[in-house]
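FYI, it's all coordinate maths here, none of it is from the lab. Keep in mind the model is a prediction, meaning the values are calculated, not measured. Neighbour counts run over all protein chains shown; Cβ positions are idealised from the backbone, glycine included.
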Amino acid sequence: MTERERLLRRIQEEDFTVYETVLYLDGHPRNKKALAFYDEHRNKAKALRAEYESKYGPLTFCENRDSEDWHWIDRPWPWEREANA
């Protein structure tokens, strides 16, 4: 597994954790431990995305932040496994 694949896997893991925590919080909105857990993993996911984008470019078209160029098409897309090897 390449560094890029490992980073993508970590992003997926944190996103999954955040999503599952959101589902729990929908039924337990005042649970302090769950809220802290949510914040922790949301921040981890955000940091991992920033790391990925600084190394490999945007994960989605929404992260194309250059008003002079459309970088989204410059690199293989994250789901193109054969191009990420």
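Being surrounded by 13 or more Cβ atoms within 10 Å (Cβ to Cβ) and farther than 19 Å from residue 17 by Cα is the filter here; which residues of region 46-64 pass it? Result: 53, 56, 57, 58, 63, 64. When restricted to residues that are farther than 17 Å from residue 63 by Cβ, in contact (Cβ under 8 Å) with a residue 12 or more places away in the chain and not hydroxyl-bearing (Ser, Thr, Tyr), region 27-49 contains 4.
Going through region 1-34 one residue at a time, which ones are part of a helix (DSSP H, G or I) and either in contact with an Asp or Glu (Cβ under 7 Å, 6 or more places away or on another chain) or farther than 29 Å from residue 54 by Cβ (or both)? Walk me through it before giving the result.
Residues of region 1-34 part of a helix (DSSP H, G or I): 3-27, 32-34.
Within region 1-34, 7, 23, 24, 25, 26, 27, 32, 33, 34 meet the criteria.
Could you tell me which residue of region 1-26 is surrounded by the fewest Cβ atoms within 10 Å (Cβ to Cβ), considering only residues that are closer than 26 Å to residue 61 by Cβ, in contact (Cβ under 8 Å) with a residue 12 or more places away in the chain and among the aliphatic types (A, V, I, L, M)? Among those residues, the one meeting the criterion is 22. The residues in region 27-45 that are closer than 14 Å to residue 10 by Cβ and loosely packed, with under 13 Cβ neighbours inside 10 Å can be counted, and the count is 1.
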